[in-house]
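Below is one structure; the comments refer to it alone.
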Amino acid sequence: MAMKIRYLLISGLMLGLVACEQPQKKEEQKSEAPKQEAVKQEVKQEAKQEAKQETKQVATASADGDVEKGKALFNAKGCGACHQPAADTVGPSLKKIAQAYGNNVDKLVKFLKGEGKPIVDPAKFAVMKPQLAQLKGLSEGELRAIASYILSHK
Ligand code: HEC
């Protein structure tokens with residue numbers, strides 16, 4: 001008899017515990033939800049800040065002398081006769097070229113050296129190919145400057 005009572009008491013206690021615990025758990029879950037929101041927002045803000053820093057870096061990269069030097073060379077070599085900044089004329093616009101090459105200065109330098117394949121308008125490469133002769137004798141740095149100038153048109 002005594003055993004039964006004890007058993008009943010214990011199971012009653014357990015039930016009580018389970019019953020008490022559950023609402024608490026729900027509360028916890030509820031209070032976790034806003035926390036997750038906050039974390040998400042933090043992550044978003046961080047991503048935004050990173051993006052801002054990146055654009056700052058790009059801005060300083062294009063603000064340095066390389067781009068100006070590249071522009072001067074580009075015009076001195078007569079490239080501007082067929083390449084306008086934003087409009088397609090005889091050749092594709094610098095913007096179109098910049099979009100095709102993204103930030104890949106190396107790949108563009110390779111093209112300027114005559115070692116790369118045309119990717120912007122391969123059908124008209126016959127017009128462009130002889131122009132590369134204008135760039136013979138330029139240093140690696142000068143070619144990089146021209147490439148940086150072209151890629152600054154996005
Ligand atoms: C007589 C006109 C003409 C002149 C001058 C000219 N280009 Fe071009 N250029 C073109 C044409 C047409 C294309 C399109 C064919 C092509 O994509 O290769 C082109 C394409 C290009 C491309 C894109 C290459 C690719 O991947 O398709 C670059 C970069 C370029 N020119 C740079 C220059 C530079 C630098 C100069 C000066 C040395 C120059 N061009 C002078 C006509 C010209």
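Consider residue 102 carefully, then state whether it is at pLDDT 95 or above and farther than 18 Å from residue 122 by Cα. Steps first, please.
Numbers: at pLDDT 95 or above: yes; farther than 18 Å from residue 122 by Cα: no.
Against the criterion (at pLDDT 95 or above and farther than 18 Å from residue 122 by Cα), residue 102 does not qualify.
Need a quick list: helices (runs of 4 or more DSSP H) entirely within the stretch 74-154 having at least 2 residues that are crowded, with 17+ Cβ neighbours inside 10 Å and out of contact with any Phe, Trp or Tyr (no Cβ under 6 Å at 6 or more places or on another chain). Break it down stepwise before answering.
On the way: elements: 94-101, 105-112, 125-128, 140-151.
Qualifying helices (runs of 4 or more DSSP H): 94-101, 105-112, 140-151.
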Write out, first by first residue and then by second, each pair whose Cβ atoms fall under 6 Å of each other, whose residues are 6+ apart or on separate chains, and whose first residue, in the stretch 105-128, is over 14 Å from residue 146 (Cβ atoms) while the second is part of a helix (DSSP H, G or I) and within 6 Å of the ligand (Cβ to nearest atom). 118/125; 120/97
Which listed residue is assigned by TED's automatic domain parsing to the domain that holds residue 136, charged (D, E, K, R) and more than 7 Å from the ligand (Cβ to nearest atom), from 110, 77: 110
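The values are calculated or read from the model by the stated rules, or taken from the named source; none is laboratory data. Treat the numbers as computed from the prediction; the structure is a model and nothing was measured. Quick reminder, even Gly has a Cβ in these numbers, built from the backbone with ideal geometry, and neighbours come from all protein chains shown.
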